[in-house]
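Contents: one structure, followed by commentary.
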Amino acid sequence: GGSGKSHLVNKCGDFLSTQGWLVVGEKFERGHQHNSQDIVCSLFEKIVKKLVKLKAGSQQDSEYSQLAAKTLSDSLGAARLCALVEYLPSIRDLITEAEFDATQANSIESNLSHWKLVSLLTCFINALLKLDRPMILILDDLQWAEALAIELVLGEILESIEKQNNAHLFLFIGLYRDDEVSIYHPLFAKINCLHESSNINTTDIQLSAFSKNDLVNMISNELKLPKRLIGELSDVVYKKTSGHILFAVELLNSMVRDSTIYFSMRRRQ
């Protein structure tokens, strides 16, 4: 923890959002008994809410939102959309022209089975990918996810998407603490399966803690001071943060705010 993985991904996501990417994420919490279906539906519900929000955006975003609504309506049909409303309630706000008849939904798709829901969610995301707008789904702290959630997202849904023609427009980012994922953790086996898949391209990015020398170099560059003058400061920061860069940056910022670190006009440093 504290390596800055979440911060890095959030910054990248914020930037890509400005470049037209559709970015949504969800996070597992320590000690919570997560319902895999709830986590996945929450992720997809955020996609719908983002599409609804785009209605009030630029002309390009508004047109995309309208096209997305029409594409989902055409691809899924009224009955399947009615079935999804229970899991993704914001669909009502996106496809306002559709008549969502709760009675009809209950009679047609009451109590969707696991596989039926997976099928509908896969159709849902594949329909959006046909619009040629790239999409990123992010799941954070996967080390706290149970086996079923991992299989549902990294197995069934991800593998289904990768079989589609527009799979190159889709990026999944999974974040986890490798020191909490042993060879017996279900995530370990699933990651190995993804690496061995011929249909899925995977990239591993490991963010480790800074060494003492790395931290010295960073502080020296930021303060524009020679290393011999920041030895004591580097020792304090390294001792308090163990080299975790996010904590180190926050500590240095707090020192600037409370004037522990300040610019001396007399010394000009």
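Looking for whichever is surrounded by 10 or more Cβ atoms within 10 Å (Cβ to Cβ), among the polar types (S, T, N, Q) and farther than 30 Å from residue 168 by Cα here; the options are 197, 211. Which one fits?
211
If residue 108 satisfies all but one of (1) part of a helix (DSSP H, G or I); (2) at pLDDT 85 or above; (3) surrounded by fewer than 18 Cβ atoms within 10 Å (Cβ to Cβ); (4) over 20 Å from the mean Cα position of the chain (by Cα), what's the number of the condition it fails?
Residue 108 satisfies all of (1) part of a helix (DSSP H, G or I); (2) at pLDDT 85 or above; (3) surrounded by fewer than 18 Cβ atoms within 10 Å (Cβ to Cβ); (4) over 20 Å from the mean Cα position of the chain (by Cα) except (2).
Given the options 158, 171, name the one that is in contact with a strand residue (DSSP E or B) (Cβ under 9 Å, 6 or more places away or on another chain), open to solvent by 70 Å² or more (accessible area, probe 1.4 Å) and under 21 Å from residue 128 (Cα atoms). Let's see the steps before the verdict.
Working: 158 fails: open to solvent by 70 Å² or more (accessible area, probe 1.4 Å).
From the options 158, 171, the qualifying one is 171.
Yes/no matrix, rows are residues, columns are (1) crowded, with 18+ Cβ neighbours inside 10 Å; (2) not basic (Lys, Arg):
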| site | (1), (2) |
| --- | --- |
| 14 | no, yes |
| 30 | no, no |
| 37 | no, yes |
| 41 | yes, yes |
| 54 | yes, yes |
| 58 | no, yes |
| 64 | yes, yes |
| 82 | yes, yes |
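List, please: which pairs have Cβ atoms under 9 Å, are six or more places apart or on different chains, and start with a residue in the range 76-87 that is more than 20 Å from residue 46 (Cβ to Cβ) and end with one that is in a loop (DSSP other than H, G, I, E, B) and among the aromatic types (Phe, Trp, Tyr)?
78/100; 82/100
Answer with yes or no whether residue 247 is at pLDDT 85 or above and of a type in the set (Phe, Trp, Tyr). Steps first, please.
On the way: at pLDDT 85 or above: no; of a type in the set (Phe, Trp, Tyr): yes.
No.
Please determine whether any residue of the range 43-51 is open to solvent by 30 Å² or more (accessible area, probe 1.4 Å) and at pLDDT below 90.
no
Which condition does residue 206 not pass, out of (1) in contact with a Leu (Cβ under 6 Å, 6 or more places away or on another chain); (2) loosely packed, with under 13 Cβ neighbours inside 10 Å, if it passes all the others?
Failed condition: (1).
Could you tell me whether residue 18 is open to solvent by 70 Å² or more (accessible area, probe 1.4 Å) and either closer than 29 Å to residue 250 by Cα or modelled with pLDDT of 90 or more (or both)? Full working, then the answer.
Values: open to solvent by 70 Å² or more (accessible area, probe 1.4 Å): yes; either closer than 29 Å to residue 250 by Cα or modelled with pLDDT of 90 or more (or both): yes.
It is true that residue 18 is open to solvent by 70 Å² or more (accessible area, probe 1.4 Å) and either closer than 29 Å to residue 250 by Cα or modelled with pLDDT of 90 or more (or both).
Would a scan of the range 137-145 turn up a residue that is buried (at least 18 other Cβ atoms within 10 Å of the Cβ), at pLDDT 85 or above, out of contact with any Cys (no Cβ under 8 Å at 6 or more places or on another chain) and among the aromatic types (Phe, Trp, Tyr)?
Within the range 137-145, one or more residues are buried (at least 18 other Cβ atoms within 10 Å of the Cβ), at pLDDT 85 or above, out of contact with any Cys (no Cβ under 8 Å at 6 or more places or on another chain) and among the aromatic types (Phe, Trp, Tyr).
Quick one: which of 242, 234 is among the hydroxyl-bearing types (Ser, Thr, Tyr), at pLDDT 80 or above and open to solvent by 60 Å² or more (accessible area, probe 1.4 Å)? Steps first, please.
Numbers: 234 fails: open to solvent by 60 Å² or more (accessible area, probe 1.4 Å).
None of the other options fit; the residue is 242.
Test each condition in (1) under 23 Å from residue 27 (Cα atoms); (2) modelled with pLDDT under 85 for residue 193 and report the one that comes out false.
(2)
The values are calculated or read from the model by the stated rules, or taken from the named source; none is laboratory data. Since this is a predicted model, take the numbers as computed values, not measurements. Virtual Cβ from ideal backbone geometry, glycine too; neighbours counted across all protein chains shown. Areas reflect the complete protein model, heavy atoms only, side chains present, ligands, DNA and RNA absent. Shrake-Rupley method; radii C 1.70, N 1.55, O 1.52, S 1.80 Å.
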